[in-house]
Amino acid sequence: MLMSVQMMMLNIMERDMNYKEAQLATFRFDKSHGSFFDRGSADSYYHRDRNPHRGGVGGDSGPRIEAVTESEFEAYHAGYDYNEEFGDKKSWD
């Protein structure tokens, strides 16, 4: 399964996929506030190093929990890679 996500993100980053196709390719990930995908995209947005986790951001996200399973790592890295290609970056200017 990890290989399929790596291939998907490679296709996205090589621009073999457009934005809409990338959205469809990431449909299977939980994107709710504090999820692994959400935290990956947030870490990318804020220029942070990769550190797979979920939660720990207040509200209903729950406590910070480090990724341990392949699917958790997969979701986090998919979120990080997705934001690197299609997302925005925080500017402190």
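The values are calculated or read from the model by the stated rules, or taken from the named source; none is laboratory data. Keep in mind that this is a model prediction, so the values were computed, not measured. FYI the Cβ positions are ideal-geometry reconstructions off the backbone, even for glycines, and counts take in every protein chain you see.
Output yes when any residue across the range 50-66 is touching a Leu at 6+ places or on another chain (Cβ under 7 Å), among the acidic types (Asp, Glu) and at pLDDT 85 or above, and no when none is.
For the range 50-66, residues touching a Leu at 6+ places or on another chain (Cβ under 7 Å), among the acidic types (Asp, Glu) and at pLDDT 85 or above: absent.
Applying the selection to the range 48-71, what residues are under 27 Å from LYS20 (Cβ atoms) and surrounded by fewer than 18 Cβ atoms within 10 Å (Cβ to Cβ)?
ARG50, SER71
Tally up the residues in the range 46-69 that are among the basic types (Lys, Arg), in a loop (DSSP other than H, G, I, E, B) and free of Cβ contacts under 8 Å to residues at least 24 places away in the same chain, please.
Matching residues across the range 46-69 total 2.
Residue-by-condition table, conditions (1) among the β-branched types (Val, Ile, Thr); (2) out of contact with any His (no Cβ under 8 Å at 6 or more places or on another chain):
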position: SER35; (1), (2): no, yes
position: SER41; (1), (2): no, yes
position: TYR45; (1), (2): no, yes
position: ARG50; (1), (2): no, no
position: VAL57; (1), (2): yes, no
position: SER61; (1), (2): no, no
position: GLU66; (1), (2): no, no
position: TYR76; (1), (2): no, no
position: ASP81; (1), (2): no, yes
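Considering each of ASP38, ASP30, ASP81, ASP43 in turn, give the residue that is of a type outside the set (Ser, Thr, Tyr) and either modelled with pLDDT under 85 or in a loop (DSSP other than H, G, I, E, B) (or both).
One residue alone meets the criteria, ASP30.
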